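Working notes for the structure below.
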Amino acid sequence: MGVFPICGVTVLLCGVAIASLGSLCHAPTVMLANFIATPIELSLVVPFLRLGEKITGGPHFPLTSDALKKVFTGQASRDVFLSIGNALLGWLIAAPFVIVALYIMFLPCFKILVRKFSSVDSTAKTPTKERIA
């Protein structure tokens, strides 16, 4: 969620995730991870945009300061909105592959951490019911 190609939306996505998961996640940690992912998000906007352009066969959108100024002043043209759509499409195509790669990469780490910091002793046996004589 932290690398969604529209800046500012990631906070809302994290809020939705926190609300839907409830006590299964630690809200400050989710927001910290989102904050840490911000530089990655900003650096991936252009690759997502270019991937979306290649998929749709759309024209190459020039990234200039003039286009950024039009976005901030509210004079964004149709091309700017199409480029945002292309970036979203690039994100939708790339996200599943990134999620699978991160899962494969982090699963062994989390297994080790869970074993190390687990509060339940894995060697302890569960108590059995005693027979009443």
query = If you take the residues in segment 8-20 that are open to solvent by less than 80 Å² (accessible area, probe 1.4 Å) and not aliphatic (A, V, I, L, M), which one is farthest from Ala33 (Cα to Cα)?
reply = Gly8
ask   = So is Leu51 open to solvent by less than 70 Å² (accessible area, probe 1.4 Å) and either modelled with pLDDT of 90 or more or aromatic (Phe, Trp, Tyr) (or both) or not?
value = yes
task = Go through segment 71-97 residue by residue and tally those that are among the β-branched types (Val, Ile, Thr) and free of Cβ contacts under 8 Å to residues at least 40 places away in the same chain.
result = 3
ask   = Does segment 54-72 include one or more residues that are modelled with pLDDT of 85 or more, in contact with a helix residue (DSSP H, G or I) (Cβ under 7 Å, 6 or more places away or on another chain) and not hydroxyl-bearing (Ser, Thr, Tyr)?
value = yes
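Whether any residue in segment 26-47 is within 21 Å of Arg78 (Cβ to Cβ), modelled with pLDDT of 85 or more and over 12 Å from the mean Cα position of the chain (by Cα) is what I want to check.
Looking through segment 26-47, at least one residue is within 21 Å of Arg78 (Cβ to Cβ), modelled with pLDDT of 85 or more and over 12 Å from the mean Cα position of the chain (by Cα).
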message = For the condition loosely packed, with under 10 Cβ neighbours inside 10 Å and farther than 23 Å from Met1 by Cβ, what is the one hit in Lys116, Lys70?
response = Lys116
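The values are calculated or read from the model by the stated rules, or taken from the named source; none is laboratory data. What you are looking at is a predicted structure, and each value in this text was computed from that prediction instead of being measured. When we count neighbours, we look across all protein chains shown, and the Cβ atoms used for this are built from the backbone with ideal geometry, even at glycine. Remember, those area values only see protein heavy atoms, side chains included, never the ligands or the DNA or RNA. Shrake-Rupley method; radii C 1.70, N 1.55, O 1.52, S 1.80 Å.
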